[in-house]
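Contents: one structure, followed by commentary.
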Amino acid sequence: MERRCKRLVCILLSFLVIAGVFTFSGAKTEPWSAYQKFIPNETPVVKRHLRGVWISTVANLDWPSVETRKIENPSERIRKTKEELVEIFDKAVEMNLNAVFLQVSPEGDAFYKSDIVPWSRYLTGTFGEDPGFDPLEFAIEEAHKRNLELHAWFNPYRVSTNTSAATISSLKVEKSVYKEHPDWIRTAMNRFVVDPGIPEARQWVIDRVMEVVKKYDVDGVHFDDYFYYEQYVGELKDQDTYNKYNKGQFSNIGDFRRNNTYLLVKELSQKIRATKPWVKFGISPSGVWGNKSDGHSYGSNTSASLTNYDKSFADTKKWVQEELIDYIAPQVYFTFANSRAPYGEIALWWSDVCRGKNVHLYIGQAFYKINDDSDQYFKGENAVPELTRQLKFNAVKPEIMGTVLFRFANFKDSGKQQAVNAVKNDLWSQKALIPPMPWKGGNAPDAPILGRLESLPDGVEISWMDNDPDTAYFAIYRFNAGEKMDITSDSSAYKLIATVRKNSNGVQKFVDYGVLDADSVYYVVTALDRLHNESEGLAISTNQSEYFPDVGMKYSWAVDAIDMLYEKGVVKGDESGMFNPGVNTKRADFTIMIVKALALKADFEDNFADVRKDAYYYEAVGVARALGIVKGDGKNFNPDANITREDMMVIVVNALKAAGAKIDEADEQFLENYGDANSISGYARKSVAVLTKAGVVNGYDGKIHPKSLATRAEIAVVVSKLLTNIEYL
């Protein structure tokens, strides 16, 4: 009976499976499964990625604090305000950020000295009151000290965050647009704004921004998502504006509004690029441009309620397509599981829009929502894994060039410390450089020179020289001794230990407190301009000349030879003490080295016609000519011509014979080992064979390169080998 029941159960289960009542799947499907290829298990490391944070000043959200703003003693208030900003920047560096987006004009006001708008109320508590110092000037100085890009963040149209009687009263001060241009003022979302459709109001926005661009050393100009934020019928009563300024151009007020924001962006972009072409212009709109479900055929597969095109009346996609801006940072403040606006869908949509455009894509990240949002994936044990997925996605997707976190105060929130630690210790545990924008101009500076290394009791100090006026800062990489140098791949971020702002032309220094054994490492220093174009690297190690600062790790193969020849008096530096190892050697200078090295002497009466008696090389060339070491070209020697490798070898062999050295002859067949043997001149073949067989001269890449010019470093190695390996009579 029991066996019969089991059989019936099996038959029943089989029937249910066939009927589709039960289904079985080999793997669980997660909301992010479709994007798994951009979410690796291991934390991706990239060398280039903008990492920023928004610093909100409106309502004293991030800086300065309300408590500091209320300090009555001006000196104490200023001191505390500055201290708070320094703490913010130090925290940014601690978390390996490289950019800050500082709100400098939240309400038609200024965190800087302005002739157009009044001081911000968020500095002292009073609209228009001088804070006693220039906050933006201070911020730029401190940000650049820490090698942080500073983007000046403007709210273009907003005049206030509410329309209360107290606010109205406070706005009636000198330079307030509310007081001076009341005909421009409208209300939208219960706040005062200037009407974007009035040309003079648009020019007022442009003038505000350009005042900062002209007067301050900002790295970028930044707008957020506050444009219209309106319905077709809403608080903003701009029908009269439409009637007055449309002039039959647009059939509906929506297109009219979108054109107004377009004109602002286009005209401001042109102004910035004409004035300071290196200053970046970027915008951070809400995450969704438009929903495909709302009739936008090029929109995303979303059903967002707040879209750029229909609610902000900002055609952000068009701005990217026309490359009016240098970067766009959509606020993708959603999880992968969000049913109306999934993170992956939006990020991929923007990636497609920006692909191939001279516009960087940065993703605005909802750091503020962690443990403060109704979405279960932003809460509790799900929060850090969700943030991890999003930041991994940003690092892996090629079109995404950066990430900006909203906002700074959340770094101090007790409910977000796990997320903070995940960023600091894992996701962004390595430093990163900001991606360059080739369309902005700029060139990689000259590489640093004259590297030196000195052991200290508590670390290693490296120093170098830089006199290129285009250098803004330096990147410092540290490698283990013997490790292959790599400063170009993404994995080189593991070696990037610091970025250091250039202090002035001349000697630059950096102390690495992470190393005590200087022989165990070497460093590479590169120079970058303000647009992050990077030079070639200068390698610095203990393996460098004791006498010449320009003979460093790059010429490690020649250091011992050069120092030995200097000690023997065979070579010396130029007037500034440099050896110039990479400089090609003149025929006369090489002759001097050989004559000195072998201590050759001879009496002579005649010399080459082109060798003047007052020339510094007259004696050496005369001796060499008399001994048959150099023959010249008829009556002339061509002393200032650079010597080729094959002529160098001919002179060396002739000099050895003149010195009575024992030379093992070599058959020319020995040259067949080299791929370019046929290019060796007939008069030089025996000499080349002798020296290559003896190991005095080596080829490279399987070739001799006979016609290549010989550098001072190469010649030093050849001469030193003569002195140490050749037996003299």
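The values are calculated or read from the model by the stated rules, or taken from the named source; none is laboratory data. The structure presented is a predicted model; accordingly, all values stated were derived computationally and were not measured. FYI the Cβ positions are ideal-geometry reconstructions off the backbone, even for glycines, and counts take in every protein chain you see.
Quick notes on this structure:
- Only one of the numbered conditions (1) without any contact (Cβ under 8 Å) to a residue 60 or more places away in the chain; (2) over 26 Å from Lys586 (Cβ atoms) is not met by Lys703, and that is (2).
- Some residue of the range 187-205 being surrounded by fewer than 22 Cβ atoms within 10 Å (Cβ to Cβ), in a strand (DSSP E or B) and either assigned by the TED database to the domain that holds Leu264 or touching a Cys at 6+ places or on another chain (Cβ under 6 Å) (or both): yes
- Put simply, of Thr526, Thr591, Thr585, Thr542 the only residue that is touching a helix residue (DSSP H, G or I) at 6+ places or on another chain (Cβ under 9 Å) and within 27 Å of Ser492 (Cα to Cα) is Thr542.
- Lone unmet requirement of (1) in contact with a Leu (Cβ under 9 Å, 6 or more places away or on another chain); (2) closer than 27 Å to Ile283 by Cα for Leu450: (2)
- Count of the range 414-431 residues, restricted to those that are outside any helix (DSSP H, G or I) and under 14 Å from Leu391 (Cα atoms), is 3.
Per-residue answers, yes or no, for (1) surrounded by 13 or more Cβ atoms within 10 Å (Cβ to Cβ); (2) over 54 Å from the mean Cα position of the chain (by Cα); (3) over 26 Å from Tyr700 (Cα atoms):
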| position | (1), (2), (3) |
| --- | --- |
| Ala599 | no, no, yes |
| Glu605 | no, yes, yes |
| Gly622 | yes, yes, yes |
| Ala641 | yes, no, no |
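- Number of positions in the range 63-103 that are under 32 Å from the mean Cα position of the chain (by Cα), in contact (Cβ under 8 Å) with a residue 12 or more places away in the chain and outside any strand (DSSP E or B): 20
- Taking helices (runs of 4 or more DSSP H) as the structural unit, those lying wholly within the range 213-329 and holding at least 1 residues that are more than 28 Å from the chain's Cα centre (by Cα) correspond to 239-245, 253-275.
- Residue in the range 182-199 that is modelled with the highest pLDDT, counting only those that are among the hydrophobic types (A, V, I, L, M, F, W, C), out of contact with any strand residue (DSSP E or B) (no Cβ under 8 Å at 6 or more places or on another chain) and within 19 Å of Leu264 (Cα to Cα): Ile198
- Applying the condition of being touching a helix residue (DSSP H, G or I) at 6+ places or on another chain (Cβ under 9 Å) and surrounded by fewer than 18 Cβ atoms within 10 Å (Cβ to Cβ) to the range 461-484 and asking which residue is nearest to Glu94 (Cα to Cα) yields Asn480.
- When the range 512-551 is filtered for residues that are farther than 30 Å from Lys276 by Cβ and among the β-branched types (Val, Ile, Thr), the ones remaining, listed by number, are Val515, Val521, Val524, Ile540, Thr542, Val551.
- Within the range 411-451, if we keep just the residues that are surrounded by 17 or more Cβ atoms within 10 Å (Cβ to Cβ) and on the phi > 0 side of the Ramachandran plot, the residue that is modelled with the highest pLDDT turns out to be Gly442.
Results for (1) in contact with a strand residue (DSSP E or B) (Cβ under 7 Å, 6 or more places away or on another chain); (2) surrounded by 15 or more Cβ atoms within 10 Å (Cβ to Cβ); (3) at pLDDT below 95; (4) not assigned by the TED database to the domain that holds Gly451, shown as yes or no for each residue.
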residue: Lys635; (1), (2), (3), (4): no, no, yes, yes
residue: Met648; (1), (2), (3), (4): no, yes, yes, yes
residue: Lys662; (1), (2), (3), (4): no, no, yes, yes
residue: Asp676; (1), (2), (3), (4): yes, yes, yes, yes
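- Matching residues in the range 274-299 - criterion: being within 26 Å of Asp470 (Cα to Cα) and either hydroxyl-bearing (Ser, Thr, Tyr) or touching a strand residue (DSSP E or B) at 6+ places or on another chain (Cβ under 8 Å) (or both): Thr275, Val279, Lys280, Phe281, Gly282
- The set of residues from the range 37-74 being over 30 Å from Leu531 (Cβ atoms) and either in contact with a His (Cβ under 6 Å, 6 or more places away or on another chain) or acidic (Asp, Glu) (or both) comprises Glu42, Glu67, Glu72.
- Every residue from the range 519-573 that is assigned by the TED database to the domain that holds Trp464, under 18 Å from Ile449 (Cβ atoms), in a loop (DSSP other than H, G, I, E, B) and of a type in the set (D, E, K, R): Asp529, Glu536
- Scanning the range 548-578 for residues that are hydroxyl-bearing (Ser, Thr, Tyr) and either within 18 Å of Val696 (Cβ to Cβ) or within 35 Å of the chain's Cα centre (by Cα) (or both) yields Tyr555, Ser556, Ser576.
- Members of the range 481-502 that are of a type outside the set (Val, Ile, Thr) and at pLDDT 95 or above: Asp486, Ser489, Asp490, Ser491, Ser492, Ala493, Tyr494, Lys495, Leu496, Ala498, Arg501, Lys502
- Lone qualifier among Ala620, Ala615, Ala597 - being at pLDDT below 95 and on the phi < 0 side of the Ramachandran plot: Ala597
- Residue within the range 325-337 that is touching a residue at least 60 places away in the same chain (Cβ under 8 Å), surrounded by fewer than 21 Cβ atoms within 10 Å (Cβ to Cβ) and over 24 Å from Gly356 (Cα atoms) present: yes
- Restricting attention to the range 339-352, the residues that are surrounded by fewer than 21 Cβ atoms within 10 Å (Cβ to Cβ) and in contact (Cβ under 8 Å) with a residue 60 or more places away in the chain add up to 1.
- When the residues of the range 432-451 are filtered to those that are in a helix (DSSP H, G or I) and of a type outside the set (D, E, K, R), the one that is farthest from Ile272 (Cα to Cα) is Pro438.
- The C-beta contact set for the range 252-268 (first residue over 18 Å from Met210 (Cβ atoms), second residue charged (D, E, K, R), distance under 6 angstrom, 6+ apart or interchain) comprises Arg258/Asp315.
- Within the range 213-244, tally of residues that are surrounded by 15 or more Cβ atoms within 10 Å (Cβ to Cβ), touching a helix residue (DSSP H, G or I) at 6+ places or on another chain (Cβ under 7 Å) and of a type outside the set (Asp, Glu): 8
Conditions (1) modelled with pLDDT of 95 or more; (2) out of contact with any Asp or Glu (no Cβ under 6 Å at 6 or more places or on another chain); (3) under 17 Å from Thr403 (Cβ atoms); (4) not hydroxyl-bearing (Ser, Thr, Tyr), marked per residue:
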{"residue": "Ala304", "(1), (2), (3), (4)": "yes, yes, no, yes"}
{"residue": "Thr307", "(1), (2), (3), (4)": "yes, yes, no, no"}
{"residue": "Ala329", "(1), (2), (3), (4)": "yes, yes, yes, yes"}
{"residue": "Phe334", "(1), (2), (3), (4)": "yes, yes, yes, yes"}
